[in-house]
C-alpha cells in the first residue's frame with residue numbers, strides 16, 4: 001500500500017491548532033511539504049518550525065483572515081507557482097458560534113457561508129489547474145457529523161456544513177476523471193479548544209457544570225471517550241495518499257461510533 005507523500009505539496013487551512021495542526025503534522029510525517037494557512041503569523045511561524053521533516057522538506061506558511069475571502073484569494077494567488085504546484089488541499093476552518101437556528105440572524109448565515117464554502121471554492125479554483133497538470137489532486141474537507149444528523153444547538157453550523165458536503169459531492173463527480181478526489185472527514189466530539197468552548201457555552205446557558213456537559217456528551221459515544229485531533233488527522237492523511245485514489249465523494253465519520261446512521 002503506497003502511503004508516502006514525498007514530492008507532494010499540501011496546503012492545510014486552520015493549521016495552527018486542533019485538527020488542522022494535527023493534519024499538518026501527519027502529512028509532513030508522510031513526506032509532504034506543507035504550507036500552513038491561518039490568520040496569526042506568530043502561531044504559523046511556531047507550528048511551521050515544529051513540523052517533521054523526514055525528507056528534508058522546507059515547510060512554509062500563508063497568513064489571511066478567513067472571515068475575509070478577499071484576503072484568502074490574495075494570499076493564495078500570490079503563492080501559486082507553476083513550478084511548485086500543490087497536490088493536496090485540506091479545507092478546515094473554525095465553526096460558527098452555537099445557538100438555536102431560530103435565533104440566528106441572516107448575517108450569521110452569510111458570514112459562515114463565506115468563511116466555509118466561499119473560501120473552499122476560492123482555494124479549489126486556485127489549486128485545481130496544478131492538480132490537473134500533475135495528474136494528482138486531493139481535496140479533503142474537515143466538516144462535521146452534522147451532515148448525517150444535525151447536532152442540537154448548532155443551527156448555523158448544521159446548515160453550512162451540509163452545504164459544504166453537497167458542494168464537495170458535486171465537485172467529486174466533476175474532477176474524478178483528472179485523478180482528483182474530493183472527500184469529507186466528519187469529526188465527532190474531538191478534544192479541541194472549539195469543543196471546550198461549545199461545552200462551556202452550554203454549561204453557562206443550562207446552569208450545569210462544564211464537567212456535567214462533557215460527561216453527558218461522552219455518555220453518547222460508544223467508544224466512551226472524546227476523539228483526539230491526531231485520530232482525525234490519520235483519516236485525513238490516508239485520504240491524501242496514493243492508496244486512496246479510488247475513494248471519492250464520500251463522508252467519513254471519525255466519531256467513535258456516535259453517529260446513529262449508515
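If I ask for residues that are buried (at least 17 other Cβ atoms within 10 Å of the Cβ), part of a helix (DSSP H, G or I) and touching a helix residue (DSSP H, G or I) at 6+ places or on another chain (Cβ under 7 Å), which ones from the range 136-162 would you list? Correct list: 146, 147, 155, 156, 157, 158, 159, 160, 161. How many residues, within the range 195-213, are loosely packed, with under 15 Cβ neighbours inside 10 Å and closer than 28 Å to residue 262 by Cα? Residues meeting the conditions: 1. For the residues 233, 201, 223, the requirement of being touching a residue at least 40 places away in the same chain (Cβ under 8 Å) and either within 30 Å of residue 6 (Cα to Cα) or part of a loop (DSSP other than H, G, I, E, B) (or both) singles out 233.
No lab work stands behind these numbers, since they all come straight from the coordinates. Since the model is a prediction, treat every value here as computed from it, not as a measurement. Heads up, the Cβs are rebuilt from the backbone with ideal geometry, glycines too, and the neighbour counts pull from every protein chain shown.
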